[in-house]
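Everything below concerns the one structure shown next.
The values are calculated or read from the model by the stated rules, or taken from the named source; none is laboratory data. Quick caveat: nothing in here was measured; it's all calculated off a predicted structure. A quick note on method: Cβ atoms are made from the backbone with ideal geometry, for glycine too, and the neighbour counts reach across all protein chains shown. The area values use the complete protein model at the heavy-atom level, side chains included, leaving out ligands, DNA and RNA. Shrake-Rupley method; radii C 1.70, N 1.55, O 1.52, S 1.80 Å.
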Amino acid sequence: MNHIEGDNELPGYTPRAGSSVAPLNALTPGSERTVSLEDSKGHKWFLLSVPKGRAPTSEFWPAVYAGDLISGSVTLDILKSESPKAILVTAMTTLIGQEGQDFLVIEKVLWTPAMALPDGSIVAKLDKGHYTWPFEIALPNETEVLDRKEKKRFPLPPSFTERASPAYINYKITAIIKRGALRVNQTLTTDFGYLPITKPELPSLMLQKACKENIPFVGPEGDPEGWHILPPVTVTGTLFGAKRGDVDFNLALAKPLNYARGSAIPLWLTFTGTDEQALDLLANHQAIHIFLKRSLATGSDATSDHAGKHSDNFFVTTMARAIFWPTTDASTPGKRVLRGEVNLKKTFKQSVIFPRFSVRVSDFLSCLSGETRSPVCCLQFVIGSQYHLEVQPFEAVGFVHAPHVSGPLLTQPVNVTSFHATGIVLRSFAPPEYAEEIKNFDNSVGLLENGNQRFYHHGGLGVS
């Protein structure tokens with residue numbers, strides 16, 4: 001596949017007034033995607049052309065952000081006169097699951113015999129010749145759809161397509177030549193990717209300073225405004241089958257609880273107790289596993305908080321693992337402190353909640369070691385969707401929970417956005433020897449990434 005090749009003559013995607021993202025003329029201009037119909041001699045007589053827009057290379061489908069105008073052109077190059085009833089173009093969004101559903105259709109009539117041609121003339125039929133109609137279509141930020149027998153407004157969801165997924169959200173542009181009665185219409189269709197713009201709020205001033213100066217974050221004790229501290233949890237168990245040990249732990253997440261794809265979620269984990277041996281066993285990075293998980297719900301209850309209760313419509317996949325490393329200067333007798341993070345790949349999806357389709361990410365803090373879990377699909381399309389940080393029982397050599405614990409110790413919702421906060425990127429601070437754990441996890445679990453390469457045309461934007 002080729003890189004984008006510029007053509008300033010082509011119509012482009014132009015941000016509407018008030019758009020907060022960069023105008024397309026500030027980006028590398030893209031080539032166009034053209035689909036066509038040919039006659040029996042190979043002559044291309046009906047063409048639909050759509051610029052690539054924000055697609056990073058010609059490998060991707062055309063792509064737009066919320067607020068962009070979709071521009072293009074429909075061309076007829078006919079070798080004999082034609083008498084179509086109308087020529088029009090539509091932008092359509094379809095949710096494909098157990099039942100297909102068109103939830104947005106925007107139609108624009110380009111020509112009828114009662115309308116003027118681009119040159120200003122009005123004709124009853126089209127003579128032999130070359131005709132081109134440019135068009136622009138603006139997608140709304142919201143759409144009204146039926147949700148469990150009630151009409152509601154929802155943010156327009158991102159494109160979503162993935163190998164073996166039970167549901168897809170597909171955007172397409174279609175050019176139509178309407179014929180008379182008993183005659184077949186001609187159509188041309190091309191897909192395009194759509195990405196809503198969501199950003200986290202700004203973090204605390206101290207976290208902003210750390211991001212801008214590329215220095216480590218200050219923990220909750222030094223920057224209480226910058227962290228969301230979860231309630232303490234007491235872990236009770238036996239050590240090497242000989243004695244009882246109790247350890248309290250606190251988990252903190254950097255505020256606000258919204259994080260951009262392509263960033264790292266900062267974590268801070270504090271253990272306290274009187275048993276130094278128990279502290280050393282539990283405050284070990286190998287005993288602590290945080291899994292970013294993705295849940296996908298389909299069907300009539302997808303927007304419900306209880307969407308997961310119908311297992312045949314609820315799908316979960318493991319996406320990433322958090323890592324921890326010790327902060328020696330903050331650890332003292334009776335206390336251990338570890339820094340950590342969850343790496344959010346740029347290819348991860350925003351969360352989305354939409355009738356009959358819900359993508360919620362579960363950022364599960366799972367304290368399990370070497371145990372295979374069923375995959376958890378964490379799709380990130382962010383309007384109203386949820387991630388969860390879930391702390392599972394600890395598994396450390398020589399330590400056994402008493403009594404036995406099977407469920408999570410702690411959960412905390414978070415959100416993932418499509419863009420970074422303005423001027424702020426929460427980058428990774430993991431030491432190389434600990435960052436290697438991320439690579440090992442990716443290789444062992446196989447995060448659908450290689451298998452989904454052919455679907456990434458819906459977004460170098462990460463909306464694949």
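Would you kindly identify the strands (runs of 3 or more DSSP E) lying entirely within region 48-128 that contain at least 2 residues that are open to solvent by 10 Å² or more (accessible area, probe 1.4 Å)?
Of the strands (runs of 3 or more DSSP E) lying wholly inside region 48-128, those with at least 2 residues that are open to solvent by 10 Å² or more (accessible area, probe 1.4 Å) span 69-78, 86-96, 101-111.
Just one of Ser263, Ser295 is surrounded by 20 or more Cβ atoms within 10 Å (Cβ to Cβ), in contact (Cβ under 8 Å) with a residue 60 or more places away in the chain and more than 27 Å from Cys211 (Cα to Cα); which is it? Reasoning before the result, please.
Working: Ser263 fails: more than 27 Å from Cys211 (Cα to Cα).
Every option except Ser295 fails the conditions.
Among the residues of region 152-173, those identified as open to solvent by less than 20 Å² (accessible area, probe 1.4 Å) and assigned to a strand (DSSP E or B) are Phe160, Ile169, Tyr171, Ile173.
For the structure I just gave you, tell me whether Thr270 is surrounded by fewer than 19 Cβ atoms within 10 Å (Cβ to Cβ) and either among the aliphatic types (A, V, I, L, M) or at negative phi (or both). So Thr270 fails the test. Screening Ile177 against (1) closer than 28 Å to Phe429 by Cβ; (2) open to solvent by less than 20 Å² (accessible area, probe 1.4 Å); (3) out of contact with any helix residue (DSSP H, G or I) (no Cβ under 8 Å at 6 or more places or on another chain); (4) aliphatic (A, V, I, L, M) leaves a single unmet condition, (1).
For beta carbons closer than 8 Å, sequence separation of 6+ or different chains, a first residue in region 200-211 that is within 13 Å of Pro266 (Cβ to Cβ) and a second that is open to solvent by 20 Å² or more (accessible area, probe 1.4 Å) and in a helix (DSSP H, G or I), the qualifying pairs are Pro203/Cys211; Ser204/Glu225; Met206/Glu225. Note on region 218-241: among residues that are open to solvent by less than 20 Å² (accessible area, probe 1.4 Å), in contact (Cβ under 8 Å) with a residue 60 or more places away in the chain and among the hydrophobic types (A, V, I, L, M, F, W, C), the one that is farthest from Leu251 (Cα to Cα) is Leu239. Here Lys212 meets the list (1) over 32 Å from the mean Cα position of the chain (by Cα); (2) closer than 30 Å to Ala55 by Cα; (3) basic (Lys, Arg) almost entirely, failing just condition (1). Per the conditions (1) farther than 22 Å from Ile323 by Cα; (2) at pLDDT 95 or above; (3) among the charged types (D, E, K, R); (4) in a strand (DSSP E or B), the sole criterion not satisfied by Asp248 is (1). Kindly evaluate Leu95 against the criterion of being touching a strand residue (DSSP E or B) at 6+ places or on another chain (Cβ under 7 Å), over 19 Å from Tyr168 (Cβ atoms) and touching a residue at least 24 places away in the same chain (Cβ under 8 Å). So Leu95 fails the test.
When residues in region 205-239 are screened for being under 30 Å from Ala402 (Cβ atoms) and not in a strand (DSSP E or B), 4 of them pass. Out of Thr372, Thr328, one residue alone is more than 14 Å from Ser418 (Cα to Cα), out of contact with any Cys (no Cβ under 7 Å at 6 or more places or on another chain), modelled with pLDDT of 70 or more and not acidic (Asp, Glu). It is Thr328.
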